[in-house]
1. Among the residues in the range 38-50, are any modelled with pLDDT of 90 or more, part of a loop (DSSP other than H, G, I, E, B), closer than 28 Å to Lys2 by Cα and among the basic types (Lys, Arg)?
2. Assess whether Lys105 counts as being exposed (fewer than 12 other Cβ atoms within 10 Å of the Cβ), modelled with pLDDT under 90 and either among the small types (Gly, Ala, Ser) or more than 30 Å from Met1 (Cα to Cα) (or both).
3. Checking Gly110 against (1) part of a strand (DSSP E or B); (2) without any contact (Cβ under 8 Å) to a residue 40 or more places away in the chain; (3) under 16 Å from the mean Cα position of the chain (by Cα), only one condition comes out false. Which one?
4. Residues in the range 26-76 that are within 15 Å of the chain's Cα centre (by Cα) and of a type in the set (Ser, Thr, Tyr): how many?
5. Going through the range 77-93 one residue at a time, which ones are more than 17 Å from Met112 (Cβ to Cβ) and not in a loop (DSSP other than H, G, I, E, B)?
Amino acid sequence: MKVPSSDLLKRIIKQKLREKGEVETQRELGALVQKELKKINPKLRVTPERVRRVAVEIPHVEVVVETRSGKKLPKVCPVCSSELVPIYMKNLTGKKVKTGFRCSKCSYRGDMKRFVPMRYTFRILKG
């Protein structure tokens, strides 16, 4: 088993997203990338999780995260493992209240109830 480089993965992810426009799940994108890797070298392997983490780094690729409720708030971003930044608002009495958090690197956002990733959708952006 060989691990493909990030540059090779980025190239394949962009190619597949240009062909399809949008991929509905992390598993589907992982399968598309793995199929292409097999054509290059049958020993190359990649997990859908690594494909997602690499896709987040590509300019002009949008990763949309659908979330569900959970019990334990995450300490790091569940999409790319970067730092989470709290989001605050003022309530009616003027006190600062934490209402959610966002990732400092990718587009992930969560509120205080719905923050567990449920589905990832990948899109290529024009530009």
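The values are calculated or read from the model by the stated rules, or taken from the named source; none is laboratory data. Note that this is a predicted model, so its numbers are computed, not measured. Quick reminder, even Gly has a Cβ in these numbers, built from the backbone with ideal geometry, and neighbours come from all protein chains shown.
1. So far as the range 38-50 goes, yes, one or more of its residues are modelled with pLDDT of 90 or more, part of a loop (DSSP other than H, G, I, E, B), closer than 28 Å to Lys2 by Cα and among the basic types (Lys, Arg).
2. In short, no.
3. (2)
4. The total comes to 2.
5. Correct list: Glu83 only.
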